[in-house]
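See structure below.
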Amino acid sequence: MAGLLLKNIDKIYENGYKAVNNFNLEIKDKEFIVFVGPSGCGKSTTLRMIAGLEEISSGELYIDGVMVNDIAPKDRDIAMVFQNYALYPHMTVYGNMAFALKLRKVPKDEIDKKVREAAKILDIEHLLDRKPKALSGGQRQRVAMGRAIVRHPKVFLMDEPLSNLDAKLRVQMRTEIAKLYNQLATTFIYVTHDQTEAMTLGTRIVVMNDGVIQQVDTPKRIYDHPKNLFVASFIGSPQMNILYGETYKKDNSIILKVLDKEIILPKDKAKILNDTNNLNTKLIVGIRPENISCKEEDLKNESNTIFKLDIDITENLGAETYIYAKAGSRNMVIKTPTSDNISTIGKIRFVIDIDKIHLFDENEQKTIF
Ligand code: ADP
């Protein structure tokens with residue numbers, strides 16, 4: 001059980017590349033922290049610095065209040081599960097799980113107890129005599145986790161542990177990891193480029209881009225209140241629609257003009273625009289696919305502005321349908337409950353839930369609201 005503190009951490013590789021830039025984060029005991037961001041943004045580098053597999057160029061790393069920059073990986077009381085499992089092929093599942101404990105000269109009967117306990121948690125008791133090559137991908141992943149569990153580490157580090165599994169198994173293992181976390185009640189730090197994994201697993205999410213933390217918060221707050229355009233577009237599936245708009249005053253109302261239509265902004269939003277000096281300017285407009293409606297009752301409501309676009313393609317996913325429409329040079333996607341009267345060709349008429357709209361300034365792409 002452990003809390004971590006990462007203070008002003010930088011990583012500059014030998015070739016001069018700065019992979020992590022001034023990373024600051026306090027991780028409390030028993031949190032499930034997910035580092036998420038596009039490939040190459042510095043997630044693994046950060047995780048590997050915590051594990052001690054990569055040197056910290058500058059800054060300080062504390063585990064349970066102790067600075068560990070110069071402490072060897074094996075003495076950090078941390079266990080890491082990798083994406084490629086890294087199992088020893090010539091050893092059985094039992095041997096793989098017992099290996100780290102044997103190295104530590106743990107008594108045989110204690111090793112046996114720990115291995116069997118972990119195997120039970122992971123439901124792999126029947127596989128203990130098998131070699132890795134006789135296991136499926138999901139089973140290998142379980143063994144890799146078992147190897148970490150037996151050590152009762154203070155911190156679990158996982159680097160894209162599910163990326164080698166097929167889609168169905170990935171979803172299944174994701175729930176297994178969530179259960180494991182509940183059961184073990186220890187600190188988890190998990191790296192993924194998959195925003196769904198981040199949203200479903202993390203108690204808090206760290207969104208990274210280009211080696212820099214963009215936002216740290218709970219999944220819900222990150223989704224509802226992204227700090228900037230990058231976070232807004234990265235988190236959410238399908239992605240948030242990004243459009244261009246402008247704001248101005250007309251007949252005592254504050255107008256947001258988007259897709260050539262004028263929307264009257266509610267008073268609270270108008271006030272924010274005014275207070276932040278964002279009137280009479282061009283802005284970036286973000287609207288999540290589920291905050292657009294093409295339901296008849298919403299279209300009939302006279303206070304709503306009705307948009308009309310050409311349908312490009314529709315995708316029926318069962319309970320939901322995604323409607324892709326052409327908005328000038330851009331594509332828009334609308335997420336709607338599947339029903340019999342969704343058009344698949346021609347024009348789509350829709351309204352935007354103005355309370356759920358996001359605005360970003362054009363220069364810095366920071367959130368206005
Ligand atoms: P992520 O895990 O987010 O995909 P990484 O942390 O693996 O990203 O890598 C961050 C950046 O550092 C990438 O641009 C990568 O190419 C670079 N990088 C990783 N390892 C090295 C290395 N040993 N030497 C130089 N650059 C590296």
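The table for this structure:
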| item | result |
| --- | --- |
| Cα→Cβ-extended label distance, 7 Å offset, between Asp210 and Lys295, nm | 4.1 nm |
| Dipole of segment 176-272, positive end: most advanced residue of Val207, Leu256, His193 [Cβ charges, Cα centre] | Leu256 |
| Hydrodynamic radius by Kirkwood, which averages 1/r over all alpha carbon pairs of segment 244-369, in angstrom | 15.4 Å |
| Overall dimensions of segment 117-205 by Cα: Rg and Dmax, Å | 12.8, 38 |
| In degrees, nearest ten, helix 108-122 long axis to first principal axis of the chain (Cα) | 20 degrees |
| Radius, Kirkwood style, for the chain when every pair of distinct Cα atoms is counted (Å) | 23.3 Å |
| For segment 30-129, the fraction of alpha-carbon pairs in successive 5 Å shells from zero, as % | 2, 10, 16, 19, 17, 16, 13, 6, 2, 0 |
| Portion, in percent, of the accessible area of segment 39-118 that falls on carbon or sulfur, probe 1.4 Å | 53 percent |
| Signed unit charges on C-beta, dipole axis of segment 1-139, positive-most listed residue Ala19, Thr46, Val115 | Val115 |
| For segment 1-46, the spread of Cα positions along each principal axis, largest first, Å | 36, 21, 14 |
| Net charge dipole size for segment 231-270 [Lys, Arg +1 and Asp, Glu -1 on Cβ; Debye, nearest 20] | 100 debye |
| The chain: calculated mean residue ellipticity at 222 nm from DSSP helix runs of at least 4, using -39500 (n - 2.57) | -8000 deg cm²/dmol |
| Cβ charges +1 (Lys, Arg) and -1 (Asp, Glu), total dipole of the chain, debye | 840 debye |
| Extension gain, Thr281 back to Glu60 (0.36 nm per residue minus Cα-Cα distance, nm) | 75.3 nm |
| Cα pair distances in segment 107-164, grouped into 5 Å bins until the bin that holds the longest one, percent each | 4, 18, 28, 24, 18, 7, 1, 0 |
| Dipole of the chain, positive end: most advanced residue of Ala144, Met80, Asn304 [Cβ charges, Cα centre] | Ala144 |
| Normalised alpha carbon radius of gyration of segment 152-311 [divisor 2.2 N^0.38 Å] | 1.36 |
| Sequence of Leu53, Leu169 from largest to smallest accessible area, 1.4 Å probe | Leu53, Leu169 |
| On Cα atoms only, tilt of 93-103 relative to the major axis of the chain in degrees | 70 degrees |
| Estimated dipole of segment 209-306 in Debye, rounded to 20 [Cβ of Lys and Arg +1, of Asp and Glu -1, Cα centre] | 220 debye |
| Probe 1.4 Å, protein heavy atoms only - accessible area per residue of the chain in square angstrom | 51 Å² |
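The values are calculated or read from the model by the stated rules, or taken from the named source; none is laboratory data. The model shown is predicted, which means the values in this text are computed figures rather than measured ones. Neighbour counts are summed over all protein chains in view; Cβ atoms, including those assigned to glycine, are modelled from backbone coordinates with ideal geometry. Note: accessible area is taken over every heavy atom of the protein model, side chains too, but ligands, DNA and RNA are not part of it. Shrake-Rupley method; radii C 1.70, N 1.55, O 1.52, S 1.80 Å.
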